[in-house]
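Derivation of every value follows stated rules applied to the coordinates shown; laboratory data play no part. The model shown is predicted, which means the values in this text are computed figures rather than measured ones. When we count neighbours, we look across all protein chains shown, and the Cβ atoms used for this are built from the backbone with ideal geometry, even at glycine.
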Amino acid sequence: MTKTSPEVGALAAQRLAADESRITGQRARRTSLSLAAAWRTFWRAPSPWLIGGFLLGSVVGRVVAGGGGWWELAIPAVLVAAFPLIEWVVHVAVLHWRPRDLGPIHVDSLLARKHRAHHADPRDLPLVFIPTPVLAWLLPAYVLLAWLAMPTASSALTLLVSVYTIKLGYEWVHYLVHSDYRPRSRWFRHVWRNHRLHHYKNEHFWFGVATAGTADRVLRTYPVPAEIATSPTVRALHAREQL
């Protein structure tokens, strides 16, 4: 394997810093977090432990259940294929929900409120994670839905393993994008760039969080950044509607 020269490594670091400065409109960060340090910090939040606990329980349950048909391999494959679209819909319809009154009832979920706070301060890492009160009902709800949707216990557990794995992966990638870790791989650099454009350029585009823009391309929310004006409400979602 050819070793990268210090000059090439320094040039790559400079270009990455320039990208971040251009995308965020801020000076490049002074520190660079290693992947190992990011992983340790990630596990200080409650969300990974809650999701990880349900994932471990579903894995143990799936092993104990045994059996199952080969068709169950399609479950994780379908979920992975559908995830970019699922992520896009949740981001647009749930997280970017505009508060509104339906008769006497004011509708504004905790997820939407927390997401507005996340946009106001993308560097506040606790706001990166799914709120604990939401996970407290959402994670058990998946168990009920899996048992109702699948024909066998083994397939229900396979579904749960898949769902919890994807959710934990989503939390990890989202945290990593907002941390001081600098992207190394081409895939992660695309994810990093797109999500920063969403937070610092225009909140009406680039809705992928843990994917590299697949759904955005299909649903036409993946414009050329230079052709899109910087939104005045990118850090204050729906501010104009609330005036």
Kindly write out, for the stretch 57-74 in residue order, the coupling ³J(HN,Hα) from the Karplus curve 6.51 cos²θ - 1.76 cosθ + 1.60 (θ = phi - 60°), rounded to whole Hz, with x marking Gly and Pro. x, 6, 5, 4, x, 5, 5, 5, 5, x, x, x, x, 5, 4, 5, 5, 6
Name the long-range amide H neighbours of Asn202: under 5 Å, sequence gap of 5 or more, or other chain; modelled H, no Pro or chain starts. Ser231
Note the full-extension length gain between Trp147 and Ala36 as 0.36 nm times their separation in residues minus their Cα-Cα distance, in nm to one decimal. 36.3 nm
Cα extents of the stretch 20-146 along the three principal axes, largest first, in whole Å? 54, 51, 26
From the phi of every residue in the stretch 86-101, what ³J(HN,Hα) in whole Hz does the Karplus formula 6.51 cos²θ - 1.76 cosθ + 1.60 yield, where θ is phi - 60° and glycine or proline is x? 4, 4, 4, 4, 4, 4, 6, 7, 9, 6, 9, 4, 7, x, 8, 9
Could you check which residue among Ala65, Ala226, Ala117 shows the biggest mean-square fluctuation in a GNM of the chain with a 10 Å Cα cutoff? Ala226
Amide H neighbours of Tyr181 at under 5 Å, excluding residues fewer than 5 places away on the same chain, with H built from the backbone geometry, are Leu33
With unit charges on the beta carbons (Lys and Arg positive, Asp and Glu negative) and the dipole taken about the Cα centre of the chain, which residue among Trp49, Gly69, Thr158 sits farthest to the positive side? Trp49
Looking at the chain as a GNM with Cα springs under 10 Å, which of Trp137, Trp147, Trp206 has the largest mean-square fluctuation? Trp137
